[in-house]
1. Within the range 319-331, which residues are in a helix (DSSP H, G or I) and at pLDDT 90 or above?
2. For Ile368, are the conditions met, namely being touching a residue at least 24 places away in the same chain (Cβ under 8 Å) and either in a helix (DSSP H, G or I) or buried (at least 24 other Cβ atoms within 10 Å of the Cβ) (or both)?
3. Quick one: Ala474 ticks every box in (1) surrounded by fewer than 16 Cβ atoms within 10 Å (Cβ to Cβ); (2) at pLDDT below 90; (3) in a helix (DSSP H, G or I); (4) not β-branched (Val, Ile, Thr) except a single one, so which number is it?
4. Looking only at the range 487-504, count how many residues are surrounded by 13 or more Cβ atoms within 10 Å (Cβ to Cβ) and either in contact with a Lys or Arg (Cβ under 8 Å, 6 or more places away or on another chain) or not in a helix (DSSP H, G or I) (or both).
5. Among the candidates Ala131, Ala104, Ala89, Ala114, which residue alone is touching a Lys or Arg at 6+ places or on another chain (Cβ under 9 Å), modelled with pLDDT of 90 or more and over 25 Å from Trp13 (Cα atoms)?
6. Considering Phe97, Phe124, which residue is free of Cβ contacts under 8 Å to residues at least 60 places away in the same chain and touching a Phe, Trp or Tyr at 6+ places or on another chain (Cβ under 6 Å)?
7. Assess whether Leu355 counts as being in the same structural domain as Leu266 (by TED's automatic domain parsing), in a helix (DSSP H, G or I), touching a residue at least 60 places away in the same chain (Cβ under 8 Å) and over 30 Å from Gly299 (Cα atoms).
8. So, in the range 421-445, of the ones that are within 26 Å of the chain's Cα centre (by Cα) and of a type outside the set (A, V, I, L, M, F, W, C), which residue ends up modelled with the lowest pLDDT?
Amino acid sequence: MSLLRSVATVGGWTMMSRVLGFIRDVMIANVVGAGMVADAFFMAFKFPNLFRRLFGEGAMNAAFVPLYAGRVEADGIAEARRFGGEVAAILVTFMLFFTIVCLAAMPWIMQAVAPGFVDDQEKFTLTVALAQITFPYLLFMVLCAQFSGMLNSVGKFAHAAAAPVLLNVVMITTLSLISLDVVSLPGHAMAVGVTIAGAIQFLFLARACHKAGVMVRLPRPRLTPGVKRLLILMAPGVLGAGVIQINVLIGDMLASLLREGSVSFLYYADRINQLPLGVVGVAVGIALLPLLTRQLKAGETGAANHSMNRALELSLFLTVPAAVALIAMPWPIVTVLFERGEFDAATSVATADALRAYAIGLPAYVLIKALSPGFFAREDTRTPVRVAMINVALNIALAVILMQFLAHVGIALAVAVTAWANTIALAVILVRRGHFQLDQRLKRILPRLTVAAGLMGAALYFATGLISGWLQGADFLLRLASLTGLVAGGGLLYLVTAQILGAADLREVKGMLKRGKN
C-alpha cells in the first residue's frame, strides 16, 4: 500500500471521527456551554486523554511500532505476535497499578493540574469526581494503542483509524439522552460515557487483531530483553511524542487561573484546530513510521528520504491552506458550529480569538508528526525528548508572559510559537545528521504553495466581510450554507491556483491513489 493511499485510509476514517466529534462538541456546547460543568468536564477528560496520548499513542507509536514492524520484517509474524504478548502483559500490570494509584490520589493531582479551581469548592469537587470516572478510559486506550500499532505494522490501517469513531458515537448517544432529560447530572453522564466508549473501542480492536492473525495471548509478566528495549525507548518517547499535548495541558493549567470559561474557550478552539491536525498530521505520522522502518531495515536510505519528502509535501499542501483559512475567518466558523443554547455571542468571540492563535501553529503541529518518524524509525527517541524539554520550558515562559496581556489567547499563541520552534529544531537535527534532505521537487513546490494559500486567504477575508449579514442572521440554515460556500469556494480557489502555479498536479495525486489500490 502506497504512503498516499495509507494516509488517505487513516485520514478518511479520522475525518469521519472529527465530523462526529464536531457534532459531539456542538451538543456539549448546547447542553453546558462554557460554564462550571464544561470547565470541570474538559479538565477531567483532558487529564486521562493526555496520558493516553503520551503512554498510548505517543510512546507506543514512537517505540513499539518500529520494534514490532522490525520483527515482522526480519523474523515473521509469529515472533512479532510473541513479542506483542510480552508487551501487553507488562502494560496491563503497570496500567492497573497506575490507575488505582491515580484514582486514590486524584484530589491532590487536581490541585496541581487545575490550581485555579481550588478556591471554588463546588467546581473542584466536581472536577475530581469526573476525573475519577473517566480515568479508567486510559487503561483501555493504552491497549488500544498497542493493538493499533500491531495492525498498522502489517498494513491494516482501517480498523485502528475507525476506532475513535466509537467514542463519538457513544458520547453523542449520551448527550442525546441528556438533552431529552432521560438522564440527569450532565457532567457525570458524559464522564461515564467516556469510560464505556473506551471499553467498546478495546473490544472492537481486539476483534480486528484476531481477524488479522496478530492477536496476542497474555503470558506471565516478565521483563524480557525485548520488553526492556521497548521500555528504554518508551521513557523518552513519552515526552518527545507528546510535547504538543503537554503544552496544551500546561495551557489549561494556566487558563484555570483566568476567568471562568477560559478552559472551555481553549477547548472549543483546539477542537476546531484538531480537525486538519488529526486528519492530516496523525494520518501522515501513522502511515509513515512503519514504512520508514521497513525501508531503513532494508538499507533503502534513498527511498526513506523520498518518503519523508512526500510526507512533508502532503502535510504542507493540506495544512497551509487550512491554517490560512482559520486565521482569515475564525469567527464565522465558531458561530455556525457552536453558537446556540448555553454558548452565547461573547463565548464565540473569545473562542474565535483563541482559534486564530492556535491556527498560526497548525502547519508546525503537522510537520512535527511528519518529522518525528525520522527519529523513531531509527529507534532514536532521546533526541525528540531533548528538543521537547526545551520546548515545554519555552512554552511555559511564553504563556506566562503573554497571558498577562492577551489572557487565554496568549496561552494559545504560546503553543503555536513553540510548535514552530520544535519543528525547526527537529528538521535541523535530521539534516545535520544526514538523515533528511529537501529534494528539488519540494523546494520548487513550497513557495508556490504558499502563494496559492495566501491568495485564498485574502479572498476568504474579503468574502467574509461581504456576506457578514448572512453569517450573523437568525436563520441557521442560511448561516450554515454561507459558511459551506466560503469553505468550498476557498478550497476550489486554492486547488485551481495551486494547479496553475505548479504547486500540485491533481492528475498525479489521482494516479497515486489508484496505484495504491493495486
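1. Our first condition is that a residue be in a helix (DSSP H, G or I); within the range 319-331, this holds for 319-328, 330-331.
Correct list: Val320, Pro321, Ala322, Ala323, Val324, Ala325, Leu326, Ile327, Ala328, Pro330, Trp331.
2. yes
3. Among (1) surrounded by fewer than 16 Cβ atoms within 10 Å (Cβ to Cβ); (2) at pLDDT below 90; (3) in a helix (DSSP H, G or I); (4) not β-branched (Val, Ile, Thr), Ala474 violates only (3).
4. Just the residues of the range 487-504 that are surrounded by 13 or more Cβ atoms within 10 Å (Cβ to Cβ), to begin with: 487, 489-491, 493-499, 501, 503-504.
In the following step, the residues that additionally are either in contact with a Lys or Arg (Cβ under 8 Å, 6 or more places away or on another chain) or not in a helix (DSSP H, G or I) (or both) were identified as 498, 501, 503-504.
Looking only at that region, the number is 4.
5. Values: Ala131 fails: touching a Lys or Arg at 6+ places or on another chain (Cβ under 9 Å); Ala104 fails: touching a Lys or Arg at 6+ places or on another chain (Cβ under 9 Å); Ala114 fails: modelled with pLDDT of 90 or more.
Ala89 is the lone residue from the list that is touching a Lys or Arg at 6+ places or on another chain (Cβ under 9 Å), modelled with pLDDT of 90 or more and over 25 Å from Trp13 (Cα atoms).
6. Working: Phe97 fails: touching a Phe, Trp or Tyr at 6+ places or on another chain (Cβ under 6 Å).
Every option except Phe124 fails the conditions.
7. On the way: in the same structural domain as Leu266 (by TED's automatic domain parsing): yes; in a helix (DSSP H, G or I): yes; touching a residue at least 60 places away in the same chain (Cβ under 8 Å): yes; over 30 Å from Gly299 (Cα atoms): yes.
Taking the combined requirement at face value, the residue satisfies it.
8. His435
The values are calculated or read from the model by the stated rules, or taken from the named source; none is laboratory data. In this text, all values refer to a predicted model and were calculated from it rather than measured experimentally. Virtual Cβ from ideal backbone geometry, glycine too; neighbours counted across all protein chains shown.
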